[in-house]
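Reading through the structure tokens given below for one structure.
Nothing in this text is a laboratory measurement; each read-out follows from the coordinates by a stated rule. The shown structure was predicted, so the numbers you read here are calculated from the model rather than taken from an experiment. Note: ideal-geometry Cβ built from the backbone for every residue, glycine included; neighbour counts use all protein chains shown.
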Amino acid sequence: MTTKFTILGRGRAGRALAEAWGPRVALEEHTARPEGLVILAVPDRAVPELAASFPGRCVHLAGSLHLEGVPCAHPLTSFDGHAHDWTGTPLAVTGAVPDALRRAFGELGFAAFDLPAELKPLYHAAAVLTSGHAATLWLGAASLLLAHGVALPGRGLLPLAEATLRNVAQRGAAGRTGPFVRGDEATIARDADALPETWREIFLKLGRGLG
């Protein structure tokens with residue numbers, strides 16, 4: 001028999017997972033108090049109080065937060081509110097996530113691995129660098145161009161970002177390109193001079209730090 005459970009929280013993560021699991025799951029506001037297994041898809045600050053309402057039968061999705069006695073299953077992805085193919089997407093598991101929920105995540109393609117509680121902040125920081133910070137860099141780069149009247153046609157900077165990730169996925173560090181990899185100091189200096197001071201510092205620190 002398929003185990004039914006409830007997701008509390010109608011944010012992007014909750015909606016996406018509920019859509020993927022379909023009728024086996026109920027999607028409720030965080031104020032609901034359902035029976036059975038509960039997944040807390042809520043902001044980190046709301047997890048401790050809500051977890052206390054479901055002792056021994058809830059799992060939270062907060063990648064950085066650890067609560068003693070409350071298991072966590074953190075999908076390493078960026079949700080947009082809709083179901084996708086998550087095959088091969090890591091699922092960081094901390095604590096005793098019920099077998100039924102581990103299987104349910106596995107059915108969606110997530111690949112579970114055990115993450116020690118003391119490593120959660122480092123793991124989440126790496127996730128933020130990969131997702132949030134990368135997005136900030138891409139959006140900031142586009143804004144710099146637009147501020148000077150350069151509106152890229154087509155899909156803008158996205159094809160470059162996709163090609164870069166594809167190359168790194170295939171070749172690791174050897175997939176990186178650009179003037180810092182080539183040691184092209186003249187180009188680095190010329191590019192840096194074209195940037196506002198704050199962006200110049202980021203440009204040089206990232207380039208030198210990973211070169």
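Quick look at the numbers
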read-out: Longest segment of the chain lacking GluC sites (Glu not before Pro) that sit in a DSSP loop with at most 14 other Cβ atoms within 10 Å; value: 69-211
read-out: Computed label-point distance, nm, for sites residue 190 and residue 26 using a 7 Å Cα→Cβ extension; value: 6.5 nm
read-out: Cα-based shape type of the range 129-201, given that a ≥ b ≥ c are square roots of the gyration tensor eigenvalues and the cut on a/c is 1.5; value: oblate
read-out: Residue 87/residue 134 FRET efficiency (R0 25 Å; Cβ-Cβ; nearest 0.05); value: 0.70
read-out: Rounded FRET efficiency, nearest 0.05, which uses the C-beta distance separating residue 176 from residue 198 and R0 of 25 Å; value: 0.60
read-out: Which labelled figure in (1) 1.16; (2) 1.25; (3) 1.06 is Cα Rg over 2.2 N^0.38 Å, once derived from the coordinates; value: (2)
read-out: Whole-Hz couplings from phi, Karplus 6.51/-1.76/1.60, listed for the range 98-104; x for Gly and Pro; value: x, 4, 4, 6, 4, 5, 4
read-out: Theoretical FRET efficiency, 1/(1+(r/R0)^6), r = Cβ-Cβ of residue 160 and residue 208, R0 25 Å, to 0.05; value: 0.75
